[in-house]
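Written out below as structure tokens is the structure these notes cover.
The values are calculated or read from the model by the stated rules, or taken from the named source; none is laboratory data. Keep in mind it's a predicted model, so treat the numbers as computed, not measured. Here the Cβ positions follow ideal geometry from the backbone for every residue, glycine too, while neighbour counts run over all protein chains shown.
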Amino acid sequence: MDILAIPAAQLDGIRAAGRDVAGNGYRPTVDRAGGSPLRCCLRLSRPGEQVALIAYRPAGTAGAYAEIGPVFVHAAACDGYPADGGWPPEYRDRQQVLRAYDDRGRICDALLVDGADAETGIAKLLADPANVVVHSRNVLYGCYMFAISR
């Protein structure tokens, strides 16, 4: 299973354009308290880091399922998340909704899991060949966290 953060090239394009996917201006800010879930490197922000809240549409969805929602990212390019990083350690204690999408970008299945049980839930969803990508989402706000593929 591959854990996929928002691709650096997409974020570079948003930063360069000065606009997110919804046309909102790119406005970095200082995260004074820290703790914002960053979708570029899949860790929580540290107090004092420069971050940006942007509108983002994750890949793998289509039609009515092609949601655009808010995500936090580093204001400037960061190291991203390693391809072999496994489950993001700082997301291990988070309850999450896992949504499985088919090859047409439609939701096929979903699970509510504790972070400690996330890999078991993902394995169950990806065992169905109709499910080609799984999105991890925040339970309370529904925000996109990251994608998981085979």
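Figures for the structure shown
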read-out	value
Single residue of the stretch 94-106 satisfying the filter (of a type outside the set (G, A, S) and under 16 Å from the mean Cα position of the chain (by Cα)) that is nearest to L42 (Cα to Cα)	R94
Condition met for Y101 (surrounded by 14 or more Cβ atoms within 10 Å (Cβ to Cβ), in the same structural domain as V134 (by TED's automatic domain parsing), aromatic (F, W, Y) and modelled with pLDDT of 95 or more)	yes
Single unsatisfied condition, A83 versus (1) farther than 17 Å from C40 by Cα; (2) surrounded by fewer than 18 Cβ atoms within 10 Å (Cβ to Cβ); (3) touching a strand residue (DSSP E or B) at 6+ places or on another chain (Cβ under 7 Å); (4) not assigned by TED's automatic domain parsing to the domain that holds C40	(1)
Test result for S45, touching an Asp or Glu at 6+ places or on another chain (Cβ under 8 Å) and surrounded by 15 or more Cβ atoms within 10 Å (Cβ to Cβ)	yes
Q10 surrounded by 12 or more Cβ atoms within 10 Å (Cβ to Cβ) and either in a loop (DSSP other than H, G, I, E, B) or over 17 Å from the mean Cα position of the chain (by Cα) (or both)	no
Exclusive hit being out of contact with any strand residue (DSSP E or B) (no Cβ under 9 Å at 6 or more places or on another chain) and under 26 Å from G13 (Cβ atoms), set A77, A55	A77
Test: residue in the stretch 34-48 that is over 18 Å from A147 (Cα atoms) and of a type in the set (A, V, I, L, M, F, W, C)	no
Criterion violated by P129 - all others in (1) surrounded by fewer than 18 Cβ atoms within 10 Å (Cβ to Cβ); (2) assigned to a loop (DSSP other than H, G, I, E, B); (3) in the same structural domain as R15 (by TED's automatic domain parsing) satisfied	(3)
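So that you can scan it fast, the table gives a plain yes or no per residue for (1) under 21 Å from V133 (Cα atoms); (2) surrounded by 15 or more Cβ atoms within 10 Å (Cβ to Cβ):
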{"site": "D20", "(1), (2)": "no, yes"}
{"site": "R27", "(1), (2)": "no, no"}
{"site": "V30", "(1), (2)": "no, no"}
{"site": "A33", "(1), (2)": "no, no"}
{"site": "V51", "(1), (2)": "no, yes"}
{"site": "A55", "(1), (2)": "yes, yes"}
{"site": "A66", "(1), (2)": "yes, no"}
{"site": "G69", "(1), (2)": "yes, yes"}
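Table: residues versus (1) farther than 21 Å from L126 by Cβ; (2) aliphatic (A, V, I, L, M); (3) surrounded by fewer than 16 Cβ atoms within 10 Å (Cβ to Cβ); (4) out of contact with any helix residue (DSSP H, G or I) (no Cβ under 8 Å at 6 or more places or on another chain).
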position	(1), (2), (3), (4)
I6	no, yes, no, yes
S36	yes, no, no, yes
R39	no, no, no, yes
F72	yes, no, no, yes
C78	yes, no, no, yes
D93	yes, no, yes, no
